[in-house]
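K.L.:
Attaching a single structure in structure tokens format; questions to follow.
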Amino acid sequence: MTVLVVLLLVSVLITNNNRYASADASLDTAGYVAEPTCSAQEGDEIDPNLQRLTFDIGYGEETFDFYVRPDVSTYYQEAPGTRTASTPRAIGFAGKWVNLSSERLLLFWDPGTGEAGSLIGAAGPFQSAGTATFPNHKFYFAKPDDPHNNIVARFVAKPGFSVMYYDPFDVPGDAEATQRNLQSLTLEQYERYEAQKRTRLFNDKYREVTGRDYLAIYPRAKPRHFHWPAEYFGQEHWVASRETHFVALPPQDKLGQITAKGKERDIGDDEPRLLQEYRTEQPILNMTLEVLSCAPRVFQIDGFLSDLEVDHILELAGGMNLRESTTGQGGGVNADSRRTRTSLNTWVNRETTPIIDSIYRRAADLMRFDEALVRRRDPDELNDLVPESRGSIAEPLQLVHYEIGQEYTAHHDYGYTNSNDVLQPQRFATLLLYLNEPEAGGETTFPRWINAETREALKATPKRGKAVLFYSYLPDGNMDDLSQHSAAPVIEGEKWLINLWVRDPVHS
């Protein structure tokens with residue numbers, strides 16, 4: 001880091017085993033931070049684009065902080081109104097179908113030819129199912145016993161309206177008849193019905209204020225975990241981590257699975273990292289997050305992994321059984337994902353080797369939370385932040401391999417939570433780690449990013465050791481439909497990557 005970097009007035013964050021203290025960072029002549037401290041500004045967790053409004057949707061006066069997306073001109077550090085957002089060429093959007101009946105139903109995509117539809121997923125009583133869709137695409141709910149002949153509701157997807165409902169109890173214009181129908185429900189069923197109805201009414205208010213649908217179940221709390229700001233293109237944030245790069249391969253007898261539990265894995269501020277002698281001589285790793293997109297929030301981080309760490313992951317892959325990738329649909333059924341995802345994948349746990357453990361710790365530093373959140377914790381660890389669970393908020397690393405022609409079409413990483421779960425845990429952030437560079441193709445694309453220059457998708461090009469971070473949630477707790485992304489087909493060569501999914505507030 002040089003004096004020139006400091007003059008950029010970027011945000012500097014130095015993590016000390018993920019413990020934060022307001023202080024200045026001192027630099028040595030080699031450009032590394034001599035003492036890991038934090039210069040993050042107090043209040044960074046509060047997004048300036050949250051607007052607190054009071055309203056009444058029939059349940060009494062309520063208050064909510066709505067995230068109102070800034071004018072696109074501000075993404076270029078210009079005054080609002082000086083630019084006009086381009087209309088993306090991609091026309092897809094998130095679709096969510098809510099089953100307000102007391103029966104379990106299956107959701108199908110309707111080809112419109114009279115033939116049987118393609119299964120999307122299951123929606124239990126007063127639950128939902130979803131997928132990415134396009135304008136005028138058709139879907140239907142059907143009963144599981146004879147789904148092709150027992151269709152109970154049909155839908156047509158319309159832009160600007162992501163959420164669709166099947167309500168067999170509602171009689172439009174006749175409140176008394178609706179109430180008579182609802183009398184057939186048990187008290188528990190009625191409460192679940194009312195929760196979805198309240199969300200439906202709130203969605204009308206949310207769309208009025210923000211111009212988009214509310215995809216969560218109202219009310220969902222704001223994300224508990226840190227959300228890096230993305231105010232303008234090219235904005236930079238800096239993170240310094242003690243989890244430095246491995247540059248020499250430890251002997252095999254030191255690369256065994258980690259068996260320590262809970263606080264036994266905590267590393268003190270003044271203690272060396274695991275296998276420190278096989279890492280760089282510098283005590284600190286500096287990482288820069290560069291804003292690629294403000295909506296959705298997308299960042300790239302060059303040099304997140306060292307060459308040795310990449311080789312170690314690929315060597316692990318050689319001893320693993322990669323299976324055909326699938327897409328989770330929930331509801332106890334598996335939809336046919338072959339049209340959308342054609343890669344091979346497997347899973348790598350944090351405890352696999354000390355090198356993998358270090359990658360998790362570095363990722364926690366990058367995303368600005370305590371590393372204890374991404375492992376199993378003792379009963380007295382971080383109870384103030386996640387009292388509901390002692391499990392990791394992160395999933396195992398997903399190792400993915402794409403050959404020529406393989407891809408993952410546009411999709412969202414989040415799903416739709418069971419309405420009985422008040423926490424509504426879902427994938428909050430995705431960290432992609434590229435392990436090689438295909439000769440052509442294989443980009444990670446965001447087809448609907450907001451900008452004022454092009455209708456084409458934003459493309460993040462794979463580069464060995466590079467990371468891409470993006471968020472699936474907005475600061476107000478709603479899912480971000482614009483986080484829809486794809487893995488473009490590999491045209492020449494092959495593509496290897498791992499990704500880390502972090503959930504908010506817990507991983508249930």
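K.L.:
How many residues, within region 477-487, are crowded, with 24+ Cβ neighbours inside 10 Å and over 12 Å from the mean Cα position of the chain (by Cα)?
P.N.:
Total satisfying the criteria: 1.
K.L.:
Ok, one more. Which pairs have Cβ atoms under 7 Å, sit 6 or more apart or on different chains, and link a residue in region 162-178 that is outside any strand (DSSP E or B) to one that is open to solvent by 30 Å² or more (accessible area, probe 1.4 Å) and of a type in the set (Val, Ile, Thr)?
P.N.:
177/171; 178/171
K.L.:
Please determine whether any residue of region 239-247 is of a type in the set (S, T, N, Q), within 25 Å of the chain's Cα centre (by Cα) and within 29 Å of residue 73 (Cα to Cα).
P.N.:
No, because not a single residue in region 239-247 is of a type in the set (S, T, N, Q), within 25 Å of the chain's Cα centre (by Cα) and within 29 Å of residue 73 (Cα to Cα).
K.L.:
If you take the residues of region 387-422 that are out of contact with any Gly (no Cβ under 7 Å at 6 or more places or on another chain) and of a type in the set (Phe, Trp, Tyr), which of them is surrounded by the most Cβ atoms within 10 Å (Cβ to Cβ)?
P.N.:
Of everything passing the filter in region 387-422, 414 is surrounded by the most Cβ atoms within 10 Å (Cβ to Cβ).
K.L.:
A follow-up question, please. Is there a residue being open to solvent by 30 Å² or more (accessible area, probe 1.4 Å) and outside any strand (DSSP E or B) anywhere in region 284-295?
P.N.:
No, region 284-295 has no match at all.
K.L.:
Could you tell me whether residue 145 is open to solvent by 60 Å² or more (accessible area, probe 1.4 Å) and farther than 22 Å from residue 479 by Cα?
P.N.:
Yes; evaluated as a whole, the condition is true for this residue.
K.L.:
I've got another one for you. Out of (1) part of a loop (DSSP other than H, G, I, E, B); (2) among the hydrophobic types (A, V, I, L, M, F, W, C); (3) farther than 30 Å from residue 129 by Cβ, the odd one out for residue 216 is which?
P.N.:
With (1) part of a loop (DSSP other than H, G, I, E, B); (2) among the hydrophobic types (A, V, I, L, M, F, W, C); (3) farther than 30 Å from residue 129 by Cβ applied to residue 216, the lone miss is (3).
K.L.:
Which numbered condition trips up residue 122, out of (1) open to solvent by 40 Å² or more (accessible area, probe 1.4 Å); (2) farther than 24 Å from residue 207 by Cβ?
P.N.:
It fails just one condition, (1).
K.L.:
Just give me the residues in region 134-153 being basic (Lys, Arg) and within 30 Å of the chain's Cα centre (by Cα), in sequence order.
P.N.:
Passing the criteria: only 138.
K.L.:
If you take the residues in region 73-129 that are β-branched (Val, Ile, Thr) and in a loop (DSSP other than H, G, I, E, B), which one is nearest to residue 153 (Cα to Cα)?
P.N.:
Checked region 73-129; the qualifying residue nearest to residue 153 (Cα to Cα) is 113.
K.L.:
So, of the residues in region 180-203 that are not hydroxyl-bearing (Ser, Thr, Tyr) and not in a helix (DSSP H, G or I), which turns out to be nearest to the chain's Cα centre (by Cα)?
P.N.:
Top of the filtered list is 185.
The values are calculated or read from the model by the stated rules, or taken from the named source; none is laboratory data. Values in this document were obtained by computation on a predicted structure and should not be read as measured data. No Cβ is skipped: glycine too gets one built from the backbone with ideal geometry, and neighbour counts run over all protein chains shown. We work out accessible area using only protein heavy atoms, side chains counted, and drop any ligands, DNA or RNA first. Shrake-Rupley method; radii C 1.70, N 1.55, O 1.52, S 1.80 Å.
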